[in-house]
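Any read-out appearing in this document is the output of simple, stated calculations on the displayed coordinates, not a laboratory observation. Model, not experiment: these values are computed from the prediction. Because the Cβ atoms are built from the backbone with ideal geometry, glycine has one as well, and the counts that use them run over all protein chains shown.
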Amino acid sequence: MKARNRWMLLGLVPFALMVLAFQFAPLLSMLTGSISKSGASGFTFAHYDKIFHSAYYLKAIKNSLLIAVYSSLIGIIVGLLCAYSITRFTPRIRDRLLMLSNMTSNFAGVPLAFAYIILLGNNGVFTLLFKQWGWDIFSGFNLYSWTGLVLVYVYFQVPLALLLLYPSFYGIRDQWREAAALLGASRWQFWRTVGLPMLTPAIFGTLGILFANAMGAYATAYALVGGNYNLLAIRIGSLVAGDVVNQPELGSALAVLLALSTLLAVVLNHKMSKRSQQFTASYASNPNLKRSRSRGRRQGDAVQEGVNP
């Protein structure tokens, strides 16, 4: 048995090597590069000092945070409604919609940016078509602005939120809805007091994933606006692989800040999810809640006896 366990551990060696090569090695290179002197030996924190004293890089951080927050909030709201709606369909239709959502969530990067340019650009199909019809729907809309970036980000945020949220709706039992209806609660009261508290951990967890997904998006934004819009991911790319000036150490420092922002969002959402789970557990173990449930069952029995004497 011990020899078998040793062979099993030996089979994990290729996986461990891949993790070290593609996870820890780039992370270590980024951390050491962010405190390395440009063209000299030694360590320095001058790159971080330059970032926090430069209005240009602070603006890039602010723009990335705003786009990530807005696209994540819109994505979580729309995705929550779509996830609830998809659970109301038959399994056959639901599977097809989930397959479509999976394809949509993976349709990002350069193809997504070019698709939006063809449809909603300055000379896009819908832009010219509506202008010919005399409709000024896109008269004040600019795809290559902050609003256009948020719209493009929402496109792949919504299906991702849907895929992550819809399994949580199956954790809400039909017996809870029936008990709430017997106690005289409306549908809105049920979702406000029972449904949403049960979905809160999944909502916060999904929100953290959406935020990290938006902060790290590079190909879509670069293909859409290039270097014309100041974003953190675009600035990192220009510093590491720019055509004019290459400053990989400064780009590594910006990458560290990007990683810290996404990590902070994930940690905060994880803590809030744990608090929500503790609240849900204490709410479920509340004796007053148990008494209300038993009272609801007694009322249900009384209703059945009145219907079937």
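Miscellaneous remarks
- Of the chymotrypsin sites (Phe, Trp or Tyr not before Pro) in the stretch 88-136, the ones in a loop by DSSP (not H, G, I, E or B) with at most 16 other beta carbons within 10 Å are F89, F107, W135.
- Computed label-point distance, nm, for sites E178 and S38 using a 7 Å Cα→Cβ extension: 7.0 nm
- Sorting 63-71, 21-29, 225-233, 209-217 by average packing, meaning the other beta carbons within 10 Å per residue, from highest down gives 209-217, 63-71, 225-233, 21-29.
- Counting 0.36 nm for each residue step from Y48 to N142 and taking away their Cα separation leaves a gain of 30.5 nm.
- Charge context of I86, other residues only, Cβ under 12 angstrom, K/R +1, D/E -1: +2
- Summing charges over neighbours of Y57, with a neighbour being any other residue whose Cβ is under 15 Å away from its Cβ, gives +2 when K and R count +1 and D and E count -1.
- Computed from the Cβ-Cβ distance with R0 of 51 Å, the FRET efficiency linking L27 to R94 stands at 0.85.
- The calculated FRET efficiency for the pair Y56 and F15, based on their C-beta separation and a Förster distance of 41 Å, comes to about 0.45.
- Modelled spin-label separation between L268 and N228, with each label point placed 7 Å from Cα along the Cα-to-Cβ direction: 3.2 nm.
- With kT/(6 pi eta Rh) evaluated at 37 °C and eta = 0.692 mPa s, and Rh the Kirkwood radius from Cα pairs, the stretch 46-305 diffuses with a coefficient of 153 µm²/s according to Stokes-Einstein.
- Amide H contacts of S36 (H built 1.01 Å from N, under 5 Å, at least 5 apart or other chain): T44
- Pairs from the list K59/K271; K37/K274; K62/K274; K50/K274 with a Cα-Cα gap above 32 Å: K37/K274; K50/K274.
- Sum of side-chain charges, S186 neighbourhood, beta-carbon under 15 Å (Lys, Arg +1; Asp, Glu -1): +2
- A Stokes-Einstein calculation at 20 °C with viscosity 1.002 mPa s, built on the Kirkwood radius of the stretch 4-94 over Cα pairs, returns a diffusion coefficient of 114 µm²/s.
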